[in-house]
Amino acid sequence: MDKTVQFDFRIIKQALLDWIHSKSPVENSLAEVFEEHRVGSNDRFRIRTKLYNLLRNDSDLVVKIRSLTGIQASRALESYIQSNQSSLDTHFGLKPTFEKDPRKHLVDIHGYQLFEGHLSDQEYQDIHECLHAQRSEPVVAVRVDKKMNRPDNPTVKDLLEKGFVEHSEIKNAYVANKKSGQVRVEQISKMPGVRFQDLSSQVVACAVNYFKPGKILDYCAGSGGKTFQIVDQAESPVEVVSFDVDFKRISKLSDGVKRLNLSQVKVLTKKENLNDLRGQFDHVLVDAPCSGMGTLRRHPDLIYRQTLAEVKRIQALQLQIVFEALSFLRPGGILTYATCTFRREENENVVESLLSQNTYKLKQANQYFQNSDVFRNQVGVRKYGMLLSPNNSHDPTRSQASGAWDGDCFYIAQLQLEQ
Ligand SMILES: C[S@@+](CC[C@H](N)C(=O)[O-])C[C@H]1O[C@@H](n2cnc3c(N)ncnc32)[C@H](O)[C@@H]1O
């Protein structure tokens with residue numbers, strides 16, 4: 001075995017053994033091991049790809065080493081890595097280990113049913129599709145600032161040269177024509193006016209802007225992905241108030257707002273500062289915290305970390321957040337509720353609760369999806385909204401209207417507060 005391969009094995013083994021009994025993302029363990037061994041950026045890229053391929057494709061191994069401790073786990077991992085070197089090294093054509101019933105697959109991983117109760121045929125298919133998608137690498141999508149998105153702009157030229165293709169349906173979006181394992185993310189992130197954002201996440205802001213709102217509340221704004229897109233894409237003047245409880249994330253948003261000099265965005269970090277704004281917004285966006293099951297391609301370790309208790313906690317939180325957020329909507333205003341999961345409990349069930357309560361009279365507002373060539377009658381239209389589902393066969397040049405979709409799995413529902 002050559003020296004590079006041996007080195008990669010050592011790092012992968014250490015990161016996996018550190019992570020396997022923790023509840024944190026594998027990325028944290030990997031970062032620590034990279035630091036400890038002073039791994040350079042080229043090597044990091046190669047090693048991360050191998051490790052993620054292992055997590056995507058070999059749940060049986062992960063389950064096995066979780067049941068072992070210390071030296072036994074280390075040995076099992078060593079013998080696995082040595083005999084699977086070629087499949088870890090390739091980005092495509094990985095061996096399809098996931099051919100069994102998805103429910104059994106999940107039970108094998110967790111030892112219990114992560115999805116409670118009866119699953120409809122549709123849910124069964126969604127889970128199946130997303131678990132299949134987990135096996136492949138995600139598609140890299142970026143946004144280019146509207147002002148810069150011209151064919152003669154050096155950034156756009158550079159993106160095209162690097163194999164990105166302008167998306168046919170989402171304005172100012174570019175999609176890589178190869179999977180993430182081959183895209184040099186750190187090169188792209190240095191390009192001026194370019195931001196990484198998954199395609200499905202970009203649809204959420206498109207759905208908000210469709211209604212041409214003047215005053216928008218981004219209630220779970222995080223580090224501002226949707227806020228920035230809403231402002232950049234708006235066709236008429238907008239005022240956005242962005243709020244989040246996570247100080248670290250919202251600070252990033254604040255920094256971006258200052259750097260880009262966005263006077264139309266006000267960032268709030270304290271709930272009390274929102275009190276005077278009740279009933280004032282044309283549009284409230286709740287991009288809710290969720291189980292993240294729709295992002296398995298990006299976070300293949302998530303499936304192993306998920307617990308039923310956590311999923312239930314999140315469901316309760318989603319309802320609490322969306323009720324709080326509704327108080328800021330003006331009569332006739334629109335609520336956009338979004339998650340990056342396919343779990344009915346976090347999607348349709350939340351919307352059903354909203355429609356059946358009496359504090360706020362709401363009705364469905366599906367105009368954006370109904371009037372879209374891409375989404376109408378295409379990818380998984382649901383009772384109360386839309387489920388975008390990742391597709392395994394990646395081809396950025398193919399018309400999205402064919403029913404294929406290359407973003408994460410996202411649920412989006414829109415409701416209108418009665419006048
Ligand atoms: C899916 S992320 C939002 C991502 C963000 N919209 C973006 O585009 O980058 C969910 C966010 O909800 C926030 N959150 C959690 N509990 C909250 C609460 N009670 N009120 C407001 N935001 C909350 C989290 O801090 C997290 O940033």
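Some observations on this one:
- Whole-number percent relative contact order across the stretch 1-93, with pairs defined as alpha carbons under 8 Å at least 6 apart: 30
- The mean sequence distance of close C-alpha pairs (under 8 Å, at least 6 residues apart), as a share of the length of the stretch 199-417, puts its relative contact order at 21 percent.
- Length gained on full extension, D158 to R44: 38.7 nm, using 0.36 nm per residue less the C-alpha separation.
- Between amide H atoms placed 1.01 Å from N, distances below 5 Å from S242 occur with D218, K266, V267, L268, all of them 5 or more places distant or on a separate chain.
- When the GluC sites (Glu not before Pro) in the stretch 224-290 are filtered for DSSP coil states and for at most 13 other beta-carbon atoms within 10 Å of their beta-carbon, the remaining sites are E235.
- Overall form of the stretch 1-93 per C-alpha gyration tensor (a/c, 1.5; a/b vs b/c): rounded
- Anisotropy class of the stretch 196-290 from Cα gyration tensor, a/c 1.5 cut: rounded
- In this rough spin-label picture, where each label sits 7 Å from Cα along the Cβ direction, the Q364-Y304 distance is 4.0 nm.
- Phi-based couplings in Hz for the stretch 257-270 (Karplus 6.51, -1.76, 1.60; Gly and Pro marked x): 4, 5, 4, 8, 6, 8, 5, 7, 10, 10, 9, 10, 10, 10
- Amide H contacts of G333 (H built 1.01 Å from N, in plane; Pro and chain starts excluded): L417 sit under 5 Å, all sequence-distant by 5 or more or on other chains.
- Paramagnetic label reach from F247 (point 7 Å along Cα→Cβ; backbone nitrogen cut-off under 18 Å): within the stretch 265-292, residues 267-274.
- Within the stretch 1-80, the trypsin sites (Lys or Arg not before Pro) that combine a DSSP coil assignment with at most 12 other C-beta atoms in a 10 angstrom radius are K23, R38.
- Here's how it looks for H167: its modeled amide H is under 5 Å from those of A173, Y174, V175, which are all 5 or more places away or on a different chain.
- When the Cα gyration tensor is reduced to axis lengths a ≥ b ≥ c, the ratio a/c is 1.5 or higher for the stretch 37-80, and with a/b not above b/c it is classed as oblate.
- Along principal axes, Cα extents of the stretch 199-417, largest first, whole Å: 47, 39, 34
Laboratory data are not the source of any read-out in this text; all were calculated from the coordinates shown. Given the structure is predicted, the values throughout are model-derived calculations rather than measurements. Please note: Cβ atoms are built from the backbone with ideal geometry, for glycine as well, and neighbour counts cover all protein chains shown.
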